[in-house]
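Structure first, commentary second.
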Amino acid sequence: MGMTMTQKILAAHAGLAEVKEGQLIMADLDLVLGNDVTSPVAINEFNKAGFTEIFDNQKVTMVMDHFTPNKDIKAAAQCKQCRDFAAKYDIKHYYDVGDMGIEHALLPEKGLVVPGDCVIGADSHTCTYGALGAFSTGIGSTDMCAGMAKGKTWFRVPSAIKFNIIGKLPKYSAAKDVILHIIGMIGVDGALYKSMEFSGEGLINLTMEDRLCMANMAIEAGAKNGIFAVDSVTTEYLKGRTDRQFKVYEADADAEYDEEYTIDLSEIKPTVAFPHLPENAKTFDEIPEIKIDQVVIGSCTNGRIEDLRCAAEILKGRRIAEHVRCIVIPATQNIYMTAMKEGLLEIFINAGCAVSTPTCGPCLGGHMGILAAGERAVATTNRNFVGRMGHVESEVYLASPYVAAASAVAGKIAQPTEVI
């Protein structure tokens, strides 16, 4: 029996000719990631274990993004601990306020991940890098500790679900709608410890930003990882970002999948995930009038330049509703600069939005937009669990940048055609 894309990458990094579902392997790592929340725990374990060196100072990265710029003394202490550790071990890819970004937008932008890589990160949305044809998955801080010290970790080889992508998205439908549709279809545990593998003739119609968004939310279906077949879109994105040689792994024709689905992009409609699970996906023919208090446009899911352009298209020449707060967060400094040069920031500010420096901030209820009891937010983020963005009696509705911007203008959950 043949192997999937994920299985081939894991086999290569384990030094094996083949691997099978359920097999336990020890695999070499190409990158180990931590942030300001998870790295301090890993550092404490690293010191407790008596380690005195990291396996490769080019293959460990730390990004200060969750509670930065620091929101309080504890956040400041966490970042200082990471900063001191990075200096001690000469970690080359350490990113702090001023040159950092939201980790899962920053690392692809910096060219730190290439097709065929094996990546772990002490953050559940590390699965984002599967958009580049890499195996990448979230792990715990103790696993990060071991990865930093030894450059390898163990995995149980996952089975897979195949998604055959065909067609092209209609105007005002987005990749966020695609992944919300998929999660609504299979459920938040529909891909539990499986690889979500995306291929098909329709991939050419999905940009790298689209793929990063979709791979990012594989974990919201319970997946071990999400991964996209490598094509011309992938190689074009990598040009000028890296000079690393890489190997492309393709699934065998006789690879075995637990399930197979065909997703026709042309049939995807604007979609909103209702509280308190991403699987509560609804299209606008089933959404009643729901007034909102806040909109957040940003995050590791939808804070890239293409996302900001989509939001600006809706907000240009319009004002957000009087009772709504709209927070726009470019995911990296480079995205911020590009948005400024293109005049997007002016559009946002003229519309009545607040524009922030890169941060995860409100997505995890960190800062820069905490919700009070009874408040509702439409967000381009990835999770809408109870209390995710503040008070346990607040509500978060997940949507694309198009829908989020339209909702800000309408003062209620709305699709773009309602305000343009």
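The values are calculated or read from the model by the stated rules, or taken from the named source; none is laboratory data. The shown structure was predicted, so the numbers you read here are calculated from the model rather than taken from an experiment. Glycine gets a Cβ as well: all are built from the backbone with ideal geometry, and neighbour counts include every protein chain shown. The protein model used for the area step is the full one, side chains on, heavy atoms only, and it has no ligands, DNA or RNA in it. Shrake-Rupley method; radii C 1.70, N 1.55, O 1.52, S 1.80 Å.
A few notes on this one:
- Considering Ala77, Ala27, Ala87, Ala131, the condition of being of a type in the set (A, V, I, L, M, F, W, C), over 24 Å from Gly365 (Cα atoms) and open to solvent by 40 Å² or more (accessible area, probe 1.4 Å) is satisfied by Ala87 alone.
- Here Ala311 meets each of (1) outside any strand (DSSP E or B); (2) open to solvent by less than 10 Å² (accessible area, probe 1.4 Å); (3) more than 21 Å from Leu206 (Cβ to Cβ) with one exception, condition (3).
- Taken over the range 196-236, the criterion of being among the polar types (S, T, N, Q) and under 16 Å from the mean Cα position of the chain (by Cα) is satisfied by Thr207, Asn216, Asn225.
- Residues of the range 174-197 satisfying the condition of being part of a loop (DSSP other than H, G, I, E, B) and crowded, with 24+ Cβ neighbours inside 10 Å: Ala174, Ala191
- Any hit, the range 89-105, residues being at pLDDT 95 or above and over 25 Å from Ala331 (Cβ atoms): yes
- Scanning the range 369-396 for residues that are part of a strand (DSSP E or B) and closer than 22 Å to Thr271 by Cβ turns up Leu371, Arg376, Ala377, Val378, Ala379, Glu395, Val396.
- Filtered by the rule that a residue be touching a strand residue (DSSP E or B) at 6+ places or on another chain (Cβ under 8 Å), surrounded by fewer than 24 Cβ atoms within 10 Å (Cβ to Cβ) and free of Cβ contacts under 8 Å to residues at least 40 places away in the same chain, the range 324-369 gives Leu345, Ile349, Gly352, Ala354, Val355, Gly365.
- Evaluation of Gly121 against (1) open to solvent by less than 10 Å² (accessible area, probe 1.4 Å); (2) under 21 Å from Ala229 (Cα atoms) (one fails), failing number: (2)
- Of the residues making up the range 63-104, just one is within 24 Å of the chain's Cα centre (by Cα) and at positive phi, namely Gly98.
- Among residues of the range 236-254 that are closer than 14 Å to Gly133 by Cβ, those with a beta-carbon under 6 Å from a residue that is in a helix (DSSP H, G or I) at least six positions away or on a different chain give the pairs Tyr237/Met208; Tyr249/Met5; Tyr249/Lys8; Tyr249/Ile9; Ala251/Met5.
- Ile320 falls short on exactly one of the conditions (1) under 19 Å from Leu206 (Cβ atoms); (2) buried (at least 18 other Cβ atoms within 10 Å of the Cβ), and that condition is (1).
- Single match in Thr52, Thr61 (criterion: β-branched (Val, Ile, Thr), free of Cβ contacts under 8 Å to residues at least 60 places away in the same chain and open to solvent by 40 Å² or more (accessible area, probe 1.4 Å)): Thr52
- Test: residue in the range 33-42 that is touching a Leu at 6+ places or on another chain (Cβ under 8 Å), at pLDDT 95 or above and not basic (Lys, Arg): yes
- One residue from Asp258, Asp293, Asp285 being over 30 Å from Ala321 (Cα atoms) and either charged (D, E, K, R) or in contact with a helix residue (DSSP H, G or I) (Cβ under 6 Å, 6 or more places away or on another chain) (or both): Asp258
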